[in-house]
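Here is the structure we will look at.
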Amino acid sequence: ARRQRQMCIRDRQGPLMLTFFATIGLNANLASLKAGGRTLALFLGVVLGLLVAQNVIGISMAKLMGLDPLIGLLGASISLSGGHGTGAAWGKVFAERHGLAAATEIAIACATFGLVLGGLVGGPVAGFLVKRFKLQSSVSEEDDEDHILQSFERPKAVQPVSYTHLRAHETGRN
């Protein structure tokens with residue numbers, strides 16, 4: 001009976017996880033998307049373009065090296081954009097349905113490589129862009145310290161963060 005219950009839980013785990021993660025996006029609404037305007041549309045276009053580029057490069061490199069194109073896909077947007085969790089989930093699918101040995105390990109290794117490389121490259125690139133465009137924080141150090149003290153003194157206080165809230169804070173219309 002215990003083994004049967006474990007099998008029942010395993011059978012439902014996938015659909016339940018998909019349902020959980022799908023409902024996370026239910027908080028989004030059309031008004032929030034409209035508030036993003038052109039900037040959000042541009043960001044979406046860049047992200048979609050980079051996802052496609054990752055997949056094209058990954059599959060092409062796998063083919064050039066004589067490997068299964070699915071390995072290239074695992075090493076592309078599945079792991080680099082999806083991260084460890086997405087890589088592990090798809091690795092299991094690729095192993096079971098397509099017979100790709102060590103698919104999960106490949107995906108985890110690629111996701112780890114992506115995180116490390118992103119950290120090593122992202123910091124210096126961000127620093128370069130801040131210096132080049134002379135970017136500065138819109139919040140003074142005193143205001144930031146006051147906010148930290150308030151957060152520490154009232155840790156359970158509700159502090160909503162939204163695009164419109166951040167825009168109002170930047171323009172001084174709290």
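So here's what we get for this one:
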read-out: Accessible area of segment 61-118 divided out per residue, in Å², using a probe of 1.4 angstrom; value: 57
read-out: Rg ratio (alpha-carbon, reference 2.2 N^0.38 Å) - segment 65-139; value: 1.49
read-out: Contour minus Cα-Cα distance for Leu40 and Leu135 (0.36 nm per residue); value: 32.1 nm
read-out: Amide N of segment 87-124 lying under 16 Å from the label point, which is placed 7 angstrom from the Cα of Phe20 along Cα→Cβ; value: 87-90
read-out: Euclidean distance of C-alpha centroids, segment 33-52 and segment 97-130, integer Å; value: 22
read-out: Accessible area in the full protein assembly, largest first, 1.4 Å probe, for His98, His84; value: His98, His84
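The values are calculated or read from the model by the stated rules, or taken from the named source; none is laboratory data. Keep in mind it's a predicted model, so treat the numbers as computed, not measured. Neighbour counts are summed over all protein chains in view; Cβ atoms, including those assigned to glycine, are modelled from backbone coordinates with ideal geometry. SASA here: full protein model, heavy atoms, side chains in, ligands and nucleic acids out. Shrake-Rupley method; radii C 1.70, N 1.55, O 1.52, S 1.80 Å.
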